[in-house]
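Notes follow the structure.
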Amino acid sequence: MKAWTTLLAVREVPAWWAALVALRLMPIGTVDTLEWVVGVCAAGAGVLVARAGRRAAVRPR
């Protein structure tokens, strides 16, 4: 079971991260380096929260 959860995490984390970076930077016309850094860091924090929330919602009983 551990290998399966690792595989899910390896697929889920980059997907969440890419989606959150895109949502953060999409409304900005021209993107500076600082905006990239803030977007990437904010997406990283969002990934941790989204993964924890999804795991709490589908935790087996």
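Regarding residue 47, is this residue out of contact with any strand residue (DSSP E or B) (no Cβ under 7 Å at 6 or more places or on another chain) and either free of Cβ contacts under 8 Å to residues at least 24 places away in the same chain or open to solvent by 90 Å² or more (accessible area, probe 1.4 Å) (or both)? Working first, answer last.
Details: out of contact with any strand residue (DSSP E or B) (no Cβ under 7 Å at 6 or more places or on another chain): yes; either free of Cβ contacts under 8 Å to residues at least 24 places away in the same chain or open to solvent by 90 Å² or more (accessible area, probe 1.4 Å) (or both): no.
For residue 47, the condition - out of contact with any strand residue (DSSP E or B) (no Cβ under 7 Å at 6 or more places or on another chain) and either free of Cβ contacts under 8 Å to residues at least 24 places away in the same chain or open to solvent by 90 Å² or more (accessible area, probe 1.4 Å) (or both) - is not met.
Looking at (1) β-branched (Val, Ile, Thr); (2) open to solvent by less than 60 Å² (accessible area, probe 1.4 Å); (3) assigned to a helix (DSSP H, G or I), can you tell me which one residue 37 breaks?
Going through the list (1) β-branched (Val, Ile, Thr); (2) open to solvent by less than 60 Å² (accessible area, probe 1.4 Å); (3) assigned to a helix (DSSP H, G or I), residue 37 breaks only (2).
Can you go through 20, 25 and tell me which one is surrounded by 12 or more Cβ atoms within 10 Å (Cβ to Cβ), in contact with an Asp or Glu (Cβ under 8 Å, 6 or more places away or on another chain) and among the aliphatic types (A, V, I, L, M)?
Step by step, each of 20, 25 is checked, and only 25 is surrounded by 12 or more Cβ atoms within 10 Å (Cβ to Cβ), in contact with an Asp or Glu (Cβ under 8 Å, 6 or more places away or on another chain) and among the aliphatic types (A, V, I, L, M).
With the requirement that a residue be open to solvent by less than 90 Å² (accessible area, probe 1.4 Å) and either touching a Phe, Trp or Tyr at 6+ places or on another chain (Cβ under 9 Å) or not acidic (Asp, Glu) (or both), what does the stretch 7-17 give you? Talk me through it step by step, then tell me what you get.
So the first thing to find is which residues in the stretch 7-17 are open to solvent by less than 90 Å² (accessible area, probe 1.4 Å), and the list is 7-9, 12-15.
Within the stretch 7-17, 7, 8, 9, 13, 14, 15 meet the criteria.
Check off (1) touching a helix residue (DSSP H, G or I) at 6+ places or on another chain (Cβ under 6 Å); (2) part of a helix (DSSP H, G or I); (3) not hydroxyl-bearing (Ser, Thr, Tyr) for residue 31 and give me the number that stays unchecked.
(2)
Could you grab the pairs with beta carbons closer than 7 Å, sequence gap of 6+ or different chains, first residue in the stretch 27-42 and over 21 Å from residue 14 (Cβ atoms), second one assigned to a helix (DSSP H, G or I)?
28/35
The values are calculated or read from the model by the stated rules, or taken from the named source; none is laboratory data. If you're wondering where the values come from, they're calculated on a predicted model, not measured in any experiment. A quick note on method: Cβ atoms are made from the backbone with ideal geometry, for glycine too, and the neighbour counts reach across all protein chains shown. Side chains are part of the model used for accessible areas, which takes the heavy atoms of the whole protein and leaves out ligands, DNA and RNA. Shrake-Rupley method; radii C 1.70, N 1.55, O 1.52, S 1.80 Å.
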